[in-house]
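Written out below as structure tokens is the structure these notes cover.
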Amino acid sequence: MSTELQSSERVTAADANMLILATEKQVFGFDLLETFRVAIGRHDSNDLSFDSRNVSNYHAEILCEADALVLHDLGSTNGSYVNEERVKRRKLQHGDRIRIGNNEITVKLTNEDAKDPEASTPSVPTHGSFQRAGPGSTARELLLNLCASKNSVRLTLTRDQSDPIVVYVHDGRIVFAEAGSAHAEKALYRVFEWHRGEYKTEPFPADDSIPRSMTVPVETLVEEGERQAKELDELMSKLPPPEAALRLGEGCKMRICDFTPSELEVFQAVIRAQTLGGAIESCGMTDLRVMTQVHALIRKKVFELEEGSSLLEQTNIITRH
């Protein structure tokens, strides 16, 4: 475990200046010096909105109270849970898992935004190369240095014939990223999967066309991106190739009501796309989340490879009877 992660795990509500709430699709950051309430519910006026009938319009709230963060259920129909215990009010700690309906929210408390005012500001060349590990500039160093410089730039990362990953840095924060049809964290985390690539920086666009949907400190984004890349490495060998055609499993006994919301979303994406790669591109979840759900669905015999596929022998997951 890294020193940074160990330090983050010791942060309490009294010490933290940032609240990070991670859902299956997105990571939200809240400045605790300015935020006093985070609203959660189905209505789109909430800070965290979940489109699910299991979630009340105004389901719960997180309140900042005297050096403590408190989850308060607002009389919801299905209740609010912290670490699988139904609660009316509960103080939150780093690492707690909130469940609203079938939606899980991971709580992280950080003070990563605290900067040393005497620290030197790194300079970043307008172009160059990076790699995943080893000597030379890494994606981690590149992103951290760009944000530390407090410049506002459009960063374009390229590798062979892959879609470029474009990252928008404004005033020391990553505010948006895109790669083909992928956006925000889903797009950004892909750069940590690359073993090497090239980059160039340009001035931040002068117009207001760039969404600013990412609010999490760069340190948290980098840590999460590296974690997801590591888990993807381990998962890839357990999945069929991205281009392999999938079909409904003949022995599948699951009903629609048996699926979790995330499983159902991935199930529908695979049905539409017919392949793992297509589902990854069409689904809003991060690549790791989509692939984890597909892996679970294959193990449950919901999906199997198309009969007669030459790729059938390339995976050891599917057991046929």
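The table below lists the values:
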quantity	calculated
Hey, Arg173 in contact with a Pro (Cβ under 8 Å, 6 or more places away or on another chain), open to solvent by 50 Å² or more (accessible area, probe 1.4 Å) and more than 16 Å from Gly225 (Cα to Cα) or not	no
The lone exception for Asn54 - which of (1) part of a loop (DSSP other than H, G, I, E, B); (2) open to solvent by 40 Å² or more (accessible area, probe 1.4 Å); (3) over 24 Å from Glu265 (Cα atoms) it fails	(3)
Tabulated pairs, segment 36-64, first within 25 Å of Cys257 (Cβ to Cβ), second of a type in the set (Phe, Trp, Tyr) and open to solvent by 70 Å² or more (accessible area, probe 1.4 Å), C-beta under 9 angstrom, 6+ apart or interchain	Ile40/Tyr58; Gly41/Tyr58; Arg42/Tyr58; His43/Tyr58
Meets criteria (assigned to a strand (DSSP E or B), out of contact with any Pro (no Cβ under 8 Å at 6 or more places or on another chain) and closer than 22 Å to Thr286 by Cα) for Ile210	no
Qualifying residues in segment 90-112 (those that are touching a Pro at 6+ places or on another chain (Cβ under 7 Å) and within 29 Å of Asp258 (Cβ to Cβ)) - the one surrounded by the fewest Cβ atoms within 10 Å (Cβ to Cβ)	Asn102
The listed residue being modelled with pLDDT under 80, open to solvent by less than 20 Å² (accessible area, probe 1.4 Å) and of a type outside the set (A, V, I, L, M), out of Thr315, Thr319	Thr315
For Glu234: the one exception among (1) at pLDDT 90 or above; (2) closer than 20 Å to His183 by Cα	(2)
Scan of segment 120-135 for residues that are in a loop (DSSP other than H, G, I, E, B), at pLDDT 75 or above and not basic (Lys, Arg), ordered by number	Val124, Pro125, Thr126, Ala133
Flag if Leu146 is in contact with a strand residue (DSSP E or B) (Cβ under 8 Å, 6 or more places away or on another chain) and either in a helix (DSSP H, G or I) or of a type in the set (S, T, N, Q) (or both)	yes
Every pair of residues 6+ apart whose Cβ atoms lie under 9 Å, when the first sits in segment 174-195 and is within 25 Å of Gly134 (Cα to Cα) and of a type in the set (Val, Ile, Thr) while the second is open to solvent by 30 Å² or more (accessible area, probe 1.4 Å) and assigned to a loop (DSSP other than H, G, I, E, B)	Val191/Arg159
Identity of the residue in segment 275-297, closer than 17 Å to Asp258 by Cβ and open to solvent by less than 10 Å² (accessible area, probe 1.4 Å), that ends up farthest from the chain's Cα centre (by Cα)	Leu297
Any chance Ala179 is open to solvent by less than 70 Å² (accessible area, probe 1.4 Å), over 30 Å from His59 (Cα atoms) and either among the charged types (D, E, K, R) or at pLDDT below 90 (or both)	no
Pairs where the first residue, in segment 133-159, is on the phi > 0 side of the Ramachandran plot and the second is part of a strand (DSSP E or B) and buried (at least 18 other Cβ atoms within 10 Å of the Cβ), C-beta under 8 Å, 6+ apart	Gly136/Phe130
Asp208 being within 24 Å of Ala177 (Cα to Cα), out of contact with any strand residue (DSSP E or B) (no Cβ under 8 Å at 6 or more places or on another chain), of a type in the set (Asp, Glu) and at pLDDT below 90	yes
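For (1) farther than 29 Å from Arg227 by Cα; (2) among the polar types (S, T, N, Q); (3) touching a strand residue (DSSP E or B) at 6+ places or on another chain (Cβ under 7 Å); (4) at pLDDT below 90, each residue gets a yes or a no:
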site: Ala244; (1), (2), (3), (4): no, no, yes, yes
site: Lys253; (1), (2), (3), (4): yes, no, no, yes
site: Asp287; (1), (2), (3), (4): no, no, no, no
site: His295; (1), (2), (3), (4): no, no, no, no
site: Glu304; (1), (2), (3), (4): no, no, yes, yes
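Rundown of residues vs (1) open to solvent by 80 Å² or more (accessible area, probe 1.4 Å); (2) assigned to a loop (DSSP other than H, G, I, E, B), yes/no style:
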site: Phe192; (1), (2): no, no
site: Tyr199; (1), (2): no, no
site: Thr215; (1), (2): no, yes
site: Val222; (1), (2): no, no
site: Arg227; (1), (2): yes, no
site: Lys230; (1), (2): yes, no
site: Pro240; (1), (2): no, yes
site: Cys252; (1), (2): no, yes
site: Ile271; (1), (2): no, no
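The values are calculated or read from the model by the stated rules, or taken from the named source; none is laboratory data. Note that the structure is a prediction, hence the values are computed from the model and not measured. Backbone-built Cβ (ideal geometry, glycine too); neighbour counts: all protein chains shown. Ligands, DNA and RNA are excluded from the accessible area calculation, which covers all protein heavy atoms including side chains. Shrake-Rupley method; radii C 1.70, N 1.55, O 1.52, S 1.80 Å.
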